[in-house]
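Notes follow once the structure below has been shown.
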Amino acid sequence: MNWILLLEQTLNGFQFGILLFLLAAGLTLIFGIMDLINLAHGSLYMMGAYFAATFTQWTDSFLLGALLALPACMLFGVILERIALRTLYTRSHLDQVLATFGLILFFNEFVRLIWGPIGLDIPLPGLLSGSVELFFGIRYPAFRLVIIAVGILVAFLLYLLVSKTRIGMLIRAGASNRQMVSALGININLLYTIVFGLGAALAGLAGLMAAPIMTVEIGMGEEILIVTFVVIVIGGVGSIKGAFVAALIVGFIDTVGRSFLPDILGLFFSNDVADTAAPAISSMLIYILMALILAIKPQGLFPPKGA
Amino acid sequence: MKLGILGTLSLAAMLISQVALAETVKIGFVTTLTGGAGAIGNDMRDAVELALDHLGRKMGGSDVKMFYEDDTFKPAVGKQKTEKLVKKDKVHFVTGYIWSHVLLASRNSVVGKGPFMITSNAGPGPVAGKLCHEDFFSTSWQNDQTTMAMGEVLNQLGIKNLYIMAPNYAAGKSMVKGVSRTFKGKIIGKDMTKFPAQLDFSAELAKIRAAKPDAVFVFYPGKHGMQFFKQYSQAGLKGEIPLYSAFTVDSLSLPRLKDLAYGSLMTQFWAPDLDNAVNKRFVADYRKKTGRYPTFYAAQSYDTIMLINSAVTAVGGDLSNKDGMRNAMRKANFPSIRGPFKYGNNHFPIQNFYLRKVVKDADGNFTTSIVKTVYTNHQDPYAKDCKMSW
């Protein structure tokens, strides 16, 4: 086995995991605290990317574009919560799924009307668009390192917010027992708005971080949303810590599986069989993992206390 | 009763002939109009409309009605839309089809059910070989051909070790098979990625770097191609390991890829600067209409309409004369953007394949230009499996 390749793939898995965490953190909060299944979370991811692309065009700076896109996303999330989602809290999960699925279609069409059917691109500043040399002669794309750094920073800030501040205490309390929090006289509507705005900003951050690697396209959030749901189920719904650990596990398994499974299968089967089976099996790996974890710990790895 | 037999017959004949004269040519066009790949379908539709403009929106004196359907990039939806075109709209021609897996899922809903089926892009092996059919035509190519030409090019360049990447679906497999048919060096690595879900190629790019091939060959249509080129450059591989492609860089991605693809080499049956009168008019009018260079998808769609026109004109608008229309189409007697060509026994074009390169035009727009001819009058390798002869 090639150790340098393994190390590089570990970094890749870590980077994918961090991206998943940014999405999953918001989704798990919204699901855990507000009891709302928000399929349109992927649309917020898409909006983050489109906002960042537009602001980058206006300001000629990716950094400024990103900094402007974050509050825009949060504002967008707050407006969405006020107008569309507030009426759904008392409804059944099926109603929520239907309504937020409708929102996906609405946002895809909305983006087409405003930005057109052809996607956008976010050009990176020269320093970030190439690769840098790390230890042992590993060359790694500079921007992916930035994603890892930003992700770790956000995870740390979220940890501080959730475990050291008053609002964090309310969020934890909300995840454990929603009725009790509102019975204690906390303005639950305000808490919901804050949580949703925070979730939207996190999703937007994930979108704008992913945008320079991928491209900004209509429907870009839909594929990654499914994996994000896997992450929050594995991690335990409502738990940020769970989301972090599960996102890293899923990112790692997906990347390493894609990378080494064809070779491993090639040891046991003919090349043709390995070539056909490897992509199929590697794309199933995370779902197999989810099934295993659900069988052992039905609440996920780190369920919030009292949930 | 009082009219008598002769009168009734003549009245009936008049009615029938009027129906025959007035019958509108109905053409279904299944493509992807929404989502990330929607831009491709949009390009094809623009080309179809341009072709109809060039024909004065009439074929053989009859009006033409287009039915555009969106397959949303999914085989199940494509099949459903195809059935709707055949059963409800009762179209005479079902055309379009970007994706091989969508075409394969939809084929049985058309062939043998009445209408002609004409693929404007997808060319999976089976429909050119064992599943060839008298009512099935192509105005594109068979998937293997373009990458077979690429294999030849790589041999000529003296490439010994090659790394291949393609998406894991019908066309991806054909493309890989095609290059393996002709490439004489060693394929030291191959990755088939999940399609269309996988857009991040970090793991595969790390493997390429570790494998140190002489060259990399990829097939990534649509948005996947753009992402691959971006990530290849971000990983620092551009300039280190030469990258060759097929159907990956097109007129939709070039304005966005710009320098990332500049100088990039690919094989193709056509290019915007292919030197013939039909193509010059097509490219010029298309640019005037849309402001963009046409893609190969657009060029093939233009040919689809022209092929149908040749059939409808040959039978004088009598759409019940299917044999007449089939015989007309077999002659490929229409102004094609690729220049004159002949159909093989399997109704796939026998045509030239070129090496083309990304260049800048006089106004600084990125486009592709033909470097040389790789194959002259090339027939696909599946034609021999097709039992049809005429």
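Using a 10 Å cut-off around each Cβ of peptide A:117-130, what is the average number of partner chain Cβ atoms that fall inside? Show your work: numbers first, answer last.
Numbers: counts 11, 12, 8, 1, 7, 0, 2, 2, 0, 0, 0, 1, 5, 5.
Average neighbour count from other chains, rounded to a whole number: 4.
Taking Cα pairs under 8 Å and at least six residues apart, what relative contact order does chain B come out at, in percent?
Working: 795 pairs, mean separation 70.1, N = 390.
Relative contact order comes out at 18 percent.
Give the average, rounded to an integer, of partner chain Cβ atoms located within 10 angstrom of each Cβ in B:202-213.
Details: counts 14, 14, 4, 3, 15, 9, 0, 7, 7, 2, 0, 0.
Averaged over the peptide's residues, the number is 6.
Do any cysteines in the protein assembly as shown lack another Cys Cβ under 4.7 Å, and if so which?
Those would be A:Cys73, since no other cysteine Cβ in the protein assembly as shown comes under 4.7 Å of theirs.
Rounded, prolate or oblate: which one fits the range A:12-220, using the alpha carbon gyration tensor with axes a ≥ b ≥ c (rounded when a/c is under 1.5, else prolate when a/b beats b/c, else oblate)? Show your work: numbers first, answer last.
Numbers: a/c = 2.25, a/b = 1.43, b/c = 1.58.
Since a/c reaches 1.5 but b/c is at least a/b, the shape of the range A:12-220 is classed as oblate.
Suppose each label sits 7 Å from its Cα in the direction of the beta carbon; what would the A:Arg86-B:Ile241 distance come out to in nanometres?
Placing both labels 7 Å along Cα→Cβ, they lie 5.5 nm apart.
Run the numbers on chain A and let me know its relative contact order in percent, using alpha-carbon pairs under 8 Å that are six or more apart.
Dividing the mean separation by the residue count of chain A yields 35 percent.
Percent relative contact order of the range B:288-339, based on C-alpha pairs within less than 8 angstrom and at least six residues apart? Provide the component values of the computation, followed by the final result.
Details: 34 pairs, mean separation 20.2, N = 52.
So the answer I get is 39 percent.
How large is the helix-only mean residue ellipticity at 222 nm for chain A, computed as the sum of -39500 (n - 2.57) over DSSP H runs with n ≥ 4, divided by its residue count, in deg cm²/dmol to the nearest 500? If you can, show how the numbers build up before the last one.
On the way: 12 runs with 231 residues, N = 307.
Rounded to the nearest 500, it is -26000 deg cm²/dmol.
What is the range B:144-268 by shape, rounded, prolate or oblate, if you read a ≥ b ≥ c off the alpha carbon gyration tensor as root eigenvalues and call it rounded for a/c under 1.5, prolate for a/b larger than b/c, and oblate otherwise?
Numbers: a/c = 1.26, a/b = 1.19, b/c = 1.05.
Rounded, since a/c falls under 1.5.
For every other residue with a beta carbon closer than 12 angstrom to the beta carbon of B:Phe296, add +1 if it is Lys or Arg and -1 if Asp or Glu, then tell me the sum. Please report the intermediate quantities before stating the final value.
Numbers: positive: B:Arg338, B:Arg356; negative: B:Asp43, B:Asp250, B:Asp303.
Every neighbour counted, the sum reads -1.
With springs only between Cα atoms under 10 Å, which of B:Ala166, B:Ala362, B:Ala210 fluctuates most in a Gaussian network model of chain B?
Top of the fluctuation ranking is B:Ala362.
For a quick protection proxy, order the peptides B:24-37, A:193-206, A:114-127 by their average other-Cβ count within 10 Å, most packed first. Before the final figure, lay out the partial values.
On the way: B:24-37: 23.8, A:193-206: 25.9, A:114-127: 16.4.
Packing order, densest peptide first, comes out as A:193-206, B:24-37, A:114-127.
Place a label point 7 angstrom from the Cα of B:Ser180 along the Cα-to-Cβ direction, then list the residues of the range A:257-301 whose backbone nitrogen is under 11 Å away.
Inside the label zone: A:271-276.
What's the local net charge at A:Asp121, with K and R +1, D and E -1, over the other residues with C-beta under 13 Å away? Walk me through the numbers before you get to the answer.
Values: positive: B:Lys223, B:Lys230, B:Arg256, B:Lys258; negative: A:Glu217, B:Asp259.
In short, +2.
Hey, quick one: spin label on A:Val146, modelled 7 Å out along Cα-Cβ, who in the range A:54-73 has an amide N within reach, i.e. under 18 Å?
What the label zone holds, given the 18 Å backbone N cut-off, is A:54-71.
Using a Cα-Cα cut-off of under 26 Å, which lysines could be cross-linked to B:Lys84, ignoring same-chain neighbours fewer than 8 residues away?
Cα-Cα hits under 26 Å: B:Lys26, B:Lys58, B:Lys65, B:Lys74, B:Lys113, B:Lys322.
Let me confirm one metric for peptide B:236-242, namely the mean number of other chain beta-carbon atoms within 10 Å of its residues' beta-carbons. Spell out each step's value before the answer.
Values: counts 9, 3, 1, 0, 2, 0, 0.
Mean number of neighbouring Cβ atoms from other chains: 2.
Loop only per DSSP, at most 16 neighbouring Cβ atoms within 10 Å: give me the trypsin sites (Lys or Arg not before Pro) in the range A:199-307, ordered by residue number. Could the numbers behind the result be given before it?
Details: sites: A:Lys241, A:Arg258, A:Lys305; in loops: A:Lys305.
Within the range A:199-307, the qualifying trypsin sites (Lys or Arg not before Pro) (loop, at most 16 other Cβ atoms within 10 Å) are A:Lys305.
Under 16 Å between alpha carbons, and skipping anything fewer than 8 positions from B:Lys360 in its own chain: which lysines qualify?
Answer for B:Lys360, where 16 Å is the Cα cut-off: B:Lys258, listed by chain and number.
Could you go through the range A:173-180 in sequence order and give the Karplus-derived ³J(HN,Hα) for each residue, using 6.51 cos²θ - 1.76 cosθ + 1.60 with θ = phi - 60°, rounded to whole Hz, and x for Gly and Pro?
Karplus-based 3J(HN,Hα) across the range A:173-180 equals 4, x, 5, 7, 8, 5, 4, 5 Hz.
For A:Leu285 and A:Phe136, FRET efficiency with R0 = 30 Å and r from the beta-carbon atoms, rounded to 0.05? Display every interim value, and only then the final one.
Values: r = 27 Å, r/R0 = 0.90.
FRET efficiency, A:Phe136 to A:Leu285: 0.65.
Got a sec? How would B:His378, B:His347 order by Cβ neighbour count within 10 Å, fewest to most? Walk me through the numbers on the way to the answer.
Working: B:His378 19, B:His347 28.
In order of increasing Cβ crowding within 10 Å: B:His378, B:His347.
When Lys and Arg each count +1 and Asp and Glu each count -1, what net charge do the other residues less than 11 Å away from B:Gly60, Cβ to Cβ, add up to? Kindly include the intermediate steps, with their values, before the conclusion.
On the way: positive: B:Lys58; negative: B:Glu23, B:Asp63, B:Asp318.
With Lys, Arg at +1 and Asp, Glu at -1, the neighbours total -2.
The numbers here are math on the coordinates, done by the rules we state, and not lab data. What you are looking at is a predicted structure, and each value in this text was computed from that prediction instead of being measured. Don't worry about glycine lacking a Cβ; one is built from the backbone with ideal geometry, like all the others, and counts go over all protein chains shown.
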